Structure formats: structure tokens, C-alpha cells
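K.L.:
Please find one structure pasted underneath; my questions will follow.
Values in this text are rule-based calculations from the coordinates and carry no lab data. The structure presented is a predicted model; accordingly, all values stated were derived computationally and were not measured. A quick note on method: Cβ atoms are made from the backbone with ideal geometry, for glycine too, and the neighbour counts reach across all protein chains shown.
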């Protein structure tokens, strides 16, 4: 079978891989139909992602078909359409035992730490990481993982009635956060990005009309304060992965505010402690991956029509076109919200 490999930074190779053998008792054999391209994939291609090594078959945002299952598998059966939860944790680790499988120290993310689903044949995954959605399309199922990242970040921040939430960065992860924030009653949501077109997308397709264009000179802070009656935001989600944004975003927070970092950077972060972090008694949190229970909740929200995934997919690319057509997705001026690779 053909598979696509990130051989080294900025180099893509088409390789051959054998189809999967028989699954073990708790495993499943699956075939990818759709793969969403996310910021992680772009960073891996460019050589900027901290947990990625080469060579590697990418692909963790997947809509897959179950081909075969081991004898102990009860949650899925051959023919099922599923979203893949790509975070393979060690169930016996302390973090997993505490219910935090998303940040298990032994976690291996399919398509990042080991080979993923950008291949035309079959491969094996732990069956417990499959979440069926037979009435959803493979496009929808491939988007569940991105949405789960945003859902988990929103849950970490725990917005309350009457609060204002500021989301910084209107890329796919920021948009995922907005999808769930808009479903919470009695909160005010503001989105900030440096690209006005992304803010237009939020207004037109997500109903988020309060927006701020980031200004390099810092003048956007005045607008944020004006929109929050001089108080700042009660909760901030920074989805940029930009160290400058992640350092400065604490200045937008209200006293006793909460800041959630869902973006990832390899840089050290520096922010004012006494005049901002300490004086306002802020809470700073990280949000990593998502929890197993998030996936069926999101599948139900898509099924009910509360989340419309159709507006997300702005570009499509065929499997055979990936070697020559992947690099342009790294350019922000292309205007991509979500690109989908059609594998089968």
C-alpha cells in the first residue's frame, strides 16, 4: 500500500507499507478515509513541532472504517465508521488512573510520536480509541479530534454565567473553542486575531460578532478594555502557540481571571509577575489533548446539528496530490480554515 511520509523537514516521500496483520485481542484494524490537516501537521512538516521525529507518517485527525477487531472488542465492529482518539496512553500510569489520560507521561500520539493514518491501506489501533458515528460522514468524523482540543480547553477554563471570555487566535483550535463557547448561555465571547478575514469567518459562520484585530503596537488592549467595561476578560484562551501572544495575554485578564494555554510553543515565556499576575491573582492553566469522554459528546453535538462542520472545510486535496500540494497550506494568506485529505 502507499503511504505518505514526512522524511525530514519540508520533504515528503511516497513510501510502501504492508497492510495490517491480525489484530490482538483488544485491537482493531482500520482504514483511513479522511484526514484533516491541522497546525500540528504543518509544524511537523516545517520542522517546528517539539514532539515530532523523522521519518514519520502523519495523520491524527482521522475518519476511519473498522476492518477487523480482536476477540475482546465490544465497542466497535467491522464496517463501523469512527473518529480516532489518537492519544494512546498507559492505563496504569498515575495520570491515567486520575482520569487525566490526555497528559499521561507515556502518551503516544498517533501520527506524531508514531506512524499515523495518511496511508491507503490498513493499520492497527487500540480499539478503545475508536468512537463510532455511523450516521456521520467521514469528513465530520475527521473533525472531531480538532473539536475535542477546543472542548477540553473550554472545560479547563470553566466559564460561568455573566463572564466574558476572550479567545486569541482564530485558527482551527481557536475556532474549536468558539464552537463550544457559543453554546454556553449567558457569557460574552470576544475573538482576537491579526487576520481580519478570520474574524469575518467567526461573525458569518459562528455568530461571534465581538472581535478585535491584533495590533503590533499594542493598541488592541484599549479596545479589549472598552469592550469589557475596563475590567478585562474573566477567562482567556490563547490558541496561537505564539510566545509573544502567550506572554502578553495576561495583561488582558480581569482580576481573578483565568488564562488557558491551548497553543504550544518551545520557547520560554516571560510575563510581568508583580504588576499583573500576582496583583490580579490570576490562574494560569495548560490544556493538552482531550479526554476519551469528549469524543462521544462532540459526535452527539454534530449529530444534533448544534455544530455545523460543513463551514469548516475550505479546501480539499486528493491523496496522490499531497506530495506537491501540501506545502501551500503552510501559507496563512491562502485563507485555509480546514483542509481535508481524501484518502479513499
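K.L.:
Under 37 °C and 0.692 mPa s, how fast does region 150-286 diffuse according to Stokes-Einstein, given a Kirkwood radius computed over C-alpha pairs? Answer in µm²/s, whole number. List each step's numbers first, then the result.
P.N.:
Working: Rh = 14.6 Å.
D, rounded to a whole number, is 225 µm²/s.
K.L.:
Still on this model: By how many degrees, 0 to 90 and rounded to 10, does the Cα axis of helix 172-181 deviate from the longest principal axis of the chain?
P.N.:
Compared with the principal axis, the helix lies near 70 degrees.
K.L.:
Right, another one. Out of all DSSP beta bridges with both ends in the chain, state the antiparallel percent to the nearest 5.
P.N.:
Values: 32 of 59 bridges.
Bridges in the chain are about 55 percent antiparallel.
K.L.:
Another question about this same structure. Hey, what number do you get for the chain at 222 nm if only DSSP H runs of n ≥ 4 count, each worth -39500 (n - 2.57), divided across all residues, to the nearest 500? Could the numbers behind the result be given before it?
P.N.:
Values: 9 runs with 76 residues, N = 344.
Computed ellipticity for the chain at 222 nm equals -6000 deg cm²/dmol.
K.L.:
Over region 150-286, calculate the relative contact order: mean separation of alpha carbon pairs under 8 Å at least 6 apart, over the residue count, as a percent.
P.N.:
Working: 268 pairs, mean separation 32.2, N = 137.
That works out to 23 percent.
K.L.:
If the elastic network links every pair of Cα atoms under 10 Å, which of 325, 133, 121 fluctuates the most in the Gaussian network model of the chain?
P.N.:
Result: 325 has the largest fluctuation of those listed.
K.L.:
Mind sorting 183, 136 by how few other Cβ atoms lie within 10 Å of their own Cβ, fewest first? Spell out each step's value before the answer.
P.N.:
On the way: 183 12, 136 20.
Ranking 183, 136 by Cβ neighbours within 10 Å, fewest first, gives 183, 136.
K.L.:
Determine, for 277, 52, the number of other Cβ atoms within 10 Å of each Cβ, and report the residues in order from fewest to most. Walk me through the intermediate numbers first.
P.N.:
Values: 277 17, 52 20.
Fewest-to-most Cβ neighbours within 10 Å comes out as 277, 52.
K.L.:
Another question about this same structure. Treating the angle as unsigned and between 0 and 90°, give the value, to the nearest 10°, between the Cα long axis of helix 294-303 and the longest Cα principal axis of the chain.
P.N.:
Between the helix axis and the principal axis of the chain, the angle is about 90 degrees.
K.L.:
Same structure, new question: Please report, to two decimal places, log10 I(q)/I(0) for the chain at q = 0.08, 0.13, 0.15 Å⁻¹ as given by the Debye formula with identical point scatterers on the Cα atoms and no solvent.
P.N.:
Reported log10 I(q)/I(0), two decimals: -0.38, -1.00, -1.29.
K.L.:
Same structure again: Can you tell me the Rg and Dmax of region 1-132, counting just the alpha carbons, in angstroms?
P.N.:
Calculated on Cα positions, Rg and Dmax stand at 14.7, 41 Å.
K.L.:
Right, something else. Just to confirm my numbers, what's the Cα centroid distance between region 136-181 and region 1-79 in Å?
P.N.:
Using only Cα atoms to place each centre, the spacing works out to 24 Å.
K.L.:
Give the order of 163, 179, 222 when sorted by the count of other beta carbons within 10 angstrom, beginning with the fewest.
P.N.:
Neighbour counts put them in this order, fewest first: 222, 163, 179.
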